[in-house]
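The values are calculated or read from the model by the stated rules, or taken from the named source; none is laboratory data. Computed from a predicted structure; not experimentally measured. Cβ: placed from backbone, ideal geometry, glycine included. Neighbour counts: every protein chain shown.
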Amino acid sequence: MFAVMKTGGKQYKVQSGDTLTVEKLAADAGEKVQFNEVLMLGGDKVVVGAPFVEGAAVQAEVVDQIKGDKVIHFVRRRRKHSSKRTKGHRQQLTMLKITEILASGGDKSGVKAAVGAGSVAAVAVAATEAKKPAKKAAPKPEEKKAAPKKAAKPEAGADDLKQLSGVGPALEKKLHEAGVTTFAQIAAWSADDIAAMDEKLSFKGRIEREGWVEQAKKLAK
């Protein structure tokens, strides 16, 4: 029996025991592979696929991974500024030995399908292997985090300190945290109190520059 199979975009007529060289396959030497794209089976009865013969397969053993003869590619451009380039290439190939031709049951044989080394299927398999998660170590018990400090809430009846010149929500919050919530408190500040508050809250002379004490006296009335 013989078979006509397809691999690497080429067709090969093979029999059991034949040795042939095909485009490189994603397999190691000694590994058994199966070609499922069988176009025709010949023998006592000829079976032609449409395009492939259903259930037929060709099994082979990988003998070695080799390189073909060197091919020289030479390009020369005849111009005013002429150029030339020489490149050499050796095609990567796989040497196979045909072991068996199956007329049916190829889809249930369990033998690894032959896949080209640069094919989409081979790249997909490699990507799947790369994406497999590594075994993770047992997670360490998390330390209890301290609850965030809540901002001090203004007392009931506190004045709207944002009425003072240059005081926004951020500065009002700082004043509340320092215990200052009313205009009356600011109106009663002495020079020492102003200096202490400037240093404590890093106001850098803002209290005197903006005239908070005078404003607070008016607003406290």
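Starting from residues that are modelled with pLDDT of 80 or more and part of a loop (DSSP other than H, G, I, E, B), keep the ones in region 166-184 and report whichever is nearest to D198 (Cα to Cα). Going through the qualifying residues, I end up with A178. Every condition in (1) among the aliphatic types (A, V, I, L, M); (2) closer than 18 Å to S16 by Cα; (3) within 35 Å of the chain's Cα centre (by Cα) holds for I66 except the one numbered (2). Cβ-Cβ distances below 7 Å connect the following pairs, each with a first residue in region 36-49 that is in contact (Cβ under 8 Å) with a residue 60 or more places away in the chain, a second residue that is surrounded by fewer than 18 Cβ atoms within 10 Å (Cβ to Cβ) and assigned to a strand (DSSP E or B), and a separation of six or more residues or different chains: N36/A113; L41/V47. Scanning region 204-221 for residues being touching a residue at least 12 places away in the same chain (Cβ under 8 Å) and within 56 Å of the chain's Cα centre (by Cα) gives a total of 3.
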